[in-house]
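Enquirer: Here it is: the structure, laid out below.
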Amino acid sequence: MPAAALPSPIRRTLPLSHQVTMELRRAIVSGDMGQGDPLREVALAEQLGVSRVPVREALIELERHGLVEFDDKGRTRVPVLGAQDLEEIYQLRLALEPLAARLMAGRADGAVLAKLEQNIAATQRAKSLPELSHLDAEFHDLIAYGSGNRRLQQSWEALRYQVELWLNHMQKRHLVVNRSTHEDTVAAHRYLVDILRSGDADKAGKAMHEHIVSWRLMLPQQA
């Protein structure tokens, strides 16, 4: 397997802590930093070419999104998601996403629908399972955004990187994208977009509910 793509030195174009957050989030969600790996401030600061302050700020921000754990001595690591974690993520998705779909269908936002179509086209072209999972999460981002409910969006943002983290963890077990993985994802997302475009809020909520339940069947009994 190729060497892990660890965090790269930061280019100072955005606020430094924001750049560090994005780079560490990418490395964690992609699986380049594995579950349970320690996150040492000094080593990360040296690798990224920054001081410890923006690294510390980034780790605190990533903890809010469930991508970093602090122990009682202040040491940090990438979390290990077990069966209970997966069940809790599933339950929250089931609460948030059908509502988001209902609200979006009722608003008929053409710009968001166009972005969903672009996402599906990109999903068809995906060449790796991590890329596929990233686009899958992005698809659901767009529906949360399209809901027009700011608090729902904030709740989804707190969860979505944990969803992508686990998808990447599962995908590394399979190593390759097979044709049915693409076809199933694309077909399910196209069906959802067709219903969202119809403006039928009840049908959209039900379709999203069924989509999340089908995701639940993928969960192992143990991580």
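The values are calculated or read from the model by the stated rules, or taken from the named source; none is laboratory data. Note that the coordinates shown come from a computational prediction; the quantities given were computed from them, not determined experimentally. Using ideal geometry, Cβ is built from the backbone for each residue, glycine included, and neighbour counts are taken over all protein chains shown.
Enquirer: Restricting attention to region 22-60, report how many residues are in contact with a helix residue (DSSP H, G or I) (Cβ under 7 Å, 6 or more places away or on another chain) and under 16 Å from Glu164 (Cβ atoms).
Expert: Adding up the residues that qualify gives 9.
Rundown of residues vs (1) crowded, with 17+ Cβ neighbours inside 10 Å; (2) under 23 Å from Phe139 (Cα atoms); (3) at pLDDT 90 or above, yes/no style:
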position: Arg40; (1), (2), (3): no, no, yes
position: Leu59; (1), (2), (3): yes, no, yes
position: Ile89; (1), (2), (3): yes, yes, no
position: Met104; (1), (2), (3): yes, yes, yes
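Enquirer: Something else: Only residues that are acidic (Asp, Glu), surrounded by fewer than 17 Cβ atoms within 10 Å (Cβ to Cβ) and either within 14 Å of Ala158 (Cα to Cα) or out of contact with any strand residue (DSSP E or B) (no Cβ under 6 Å at 6 or more places or on another chain) (or both): list them for region 61-87, please.
Expert: Our first condition is that a residue be acidic (Asp, Glu); within region 61-87, this holds for 61, 63, 69, 71-72, 85, 87.
Adding the requirement that they be surrounded by fewer than 17 Cβ atoms within 10 Å (Cβ to Cβ) leaves 63, 69, 71-72, 85, 87.
Scanning region 61-87 gives Glu63, Asp71, Asp72, Asp85, Glu87.
Enquirer: Can you say whether Val29 is in contact with a strand residue (DSSP E or B) (Cβ under 8 Å, 6 or more places away or on another chain), in contact (Cβ under 8 Å) with a residue 12 or more places away in the chain and within 23 Å of Ser155 (Cα to Cα), as far as the supplied structure shows?
Expert: No, not satisfied.
Enquirer: Oh, and also: Which of the following residues is modelled with pLDDT of 95 or more, of a type outside the set (Ser, Thr, Tyr) and either out of contact with any Phe, Trp or Tyr (no Cβ under 8 Å at 6 or more places or on another chain) or over 17 Å from Arg107 (Cα atoms) (or both): Val186, Val177, Val193?
Expert: Val193
Enquirer: Could you please let me know if Asp141 is surrounded by 13 or more Cβ atoms within 10 Å (Cβ to Cβ), touching a Gly at 6+ places or on another chain (Cβ under 6 Å) and of a type in the set (Asp, Glu)? So that I can check it myself, show each step before the final result.
Expert: Working: surrounded by 13 or more Cβ atoms within 10 Å (Cβ to Cβ): yes; touching a Gly at 6+ places or on another chain (Cβ under 6 Å): no; of a type in the set (Asp, Glu): yes.
Answer is no for this residue.
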